[in-house]
1. Out of the residues in the stretch 60-87 that are modelled with pLDDT of 60 or more and either among the β-branched types (Val, Ile, Thr) or touching a Phe, Trp or Tyr at 6+ places or on another chain (Cβ under 6 Å) (or both), state the one that is farthest from Glu34 (Cα to Cα).
2. Right, Gly153: open to solvent by less than 50 Å² (accessible area, probe 1.4 Å) and under 21 Å from Glu85 (Cβ atoms) or not?
3. In the stretch 168-178, what count of residues is obtained for those that are outside any strand (DSSP E or B) and crowded, with 17+ Cβ neighbours inside 10 Å?
4. Search the stretch 93-144 for residues being open to solvent by less than 80 Å² (accessible area, probe 1.4 Å), touching a residue at least 60 places away in the same chain (Cβ under 8 Å) and in a helix (DSSP H, G or I), and hand back the single one that is nearest to Met168 (Cα to Cα).
5. Test each condition in (1) open to solvent by less than 40 Å² (accessible area, probe 1.4 Å); (2) at pLDDT below 85; (3) within 22 Å of the chain's Cα centre (by Cα); (4) not β-branched (Val, Ile, Thr) for Leu165 and report the one that comes out false.
6. Can you tell me how many residues within the stretch 14-37 are within 30 Å of the chain's Cα centre (by Cα), at pLDDT 60 or above and either in a helix (DSSP H, G or I) or exposed (fewer than 14 other Cβ atoms within 10 Å of the Cβ) (or both)?
7. How do the pairs read when you match residues in the stretch 28-53 that are more than 18 Å from Ile10 (Cα to Cα) with residues anywhere that are open to solvent by less than 30 Å² (accessible area, probe 1.4 Å) and assigned to a helix (DSSP H, G or I), using Cβ under 8 Å and keeping only pairs 6 or more apart or on different chains?
8. Val156 - would you say it is part of a strand (DSSP E or B), at pLDDT 90 or above, at negative phi and more than 22 Å from the chain's Cα centre (by Cα)?
Amino acid sequence: MVFKKIIFIIFLLYTIFIPIAFSRLRCDLLKKLEDPIVKENSQFWKDYSQLAQNNHLDDKSLSELLLKYKISPSSIQTTTASKIELRVETSKRAQKELKNLPTKAMRKNYEEFVDIMNNSGIQELYKNPSRWHAEKINAYAQGNVYTVRLNSGYRVLFRLEKNELTIMEVNAGHIHSL
């Protein structure tokens, strides 16, 4: 009997604390693991350890597992925090330059840039330096002015405020000379 308790405690430590130490799970989901329904449900723990062993234990999979076993589904929130939508403004000069882009691929790259800025922010551009070559430009007194690369020649010059993205220029010559 004592041996079974020791094995059970080791199993719990292995399946709960090891994956938690190496992952970032939401606290509200981790607190659900202390629910009496969970503690006594051996099938839940088998499924949980399977997720942990396959490195598939994340917020989404854990919330789905909790919902599968009907553990306080009303208190489990699977939605993420609401993000602030960027208001995108384009200067007249940039609008004119966008119309004169030489290829559709550059237009597609521009749209991808705006989409990334809207969904993930400027940090996502810095995560992929070989693609975007994002740079902060200190030549402007107003600050928060950056450039990103559309292709090897064309760049986008933009200003980023709290929830406003202002496209200032899209060209090959002038932005490179900054």
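The values are calculated or read from the model by the stated rules, or taken from the named source; none is laboratory data. In this text the structure is predicted, and so the values were computed from the model without any measurement. Neighbour counts run over all protein chains shown; Cβ positions are idealised from the backbone, glycine included. Please note that ligands, DNA and RNA were not included when accessible areas were found on the heavy atoms of the full protein model with its side chains. Shrake-Rupley method; radii C 1.70, N 1.55, O 1.52, S 1.80 Å.
1. Among residues in the stretch 60-87 that are modelled with pLDDT of 60 or more and either among the β-branched types (Val, Ile, Thr) or touching a Phe, Trp or Tyr at 6+ places or on another chain (Cβ under 6 Å) (or both), the one farthest from Glu34 (Cα to Cα) is Ile84.
2. No, not satisfied.
3. Within the stretch 168-178, residues that are outside any strand (DSSP E or B) and crowded, with 17+ Cβ neighbours inside 10 Å number 1.
4. Ala94
5. Going through (1) open to solvent by less than 40 Å² (accessible area, probe 1.4 Å); (2) at pLDDT below 85; (3) within 22 Å of the chain's Cα centre (by Cα); (4) not β-branched (Val, Ile, Thr) one by one, Leu165 breaks only (2).
6. 10
7. Leu29/Leu62; Leu29/Ser63; Leu29/Leu66; Lys32/Val38; Lys32/Leu66
8. So Val156 fits the description; yes.
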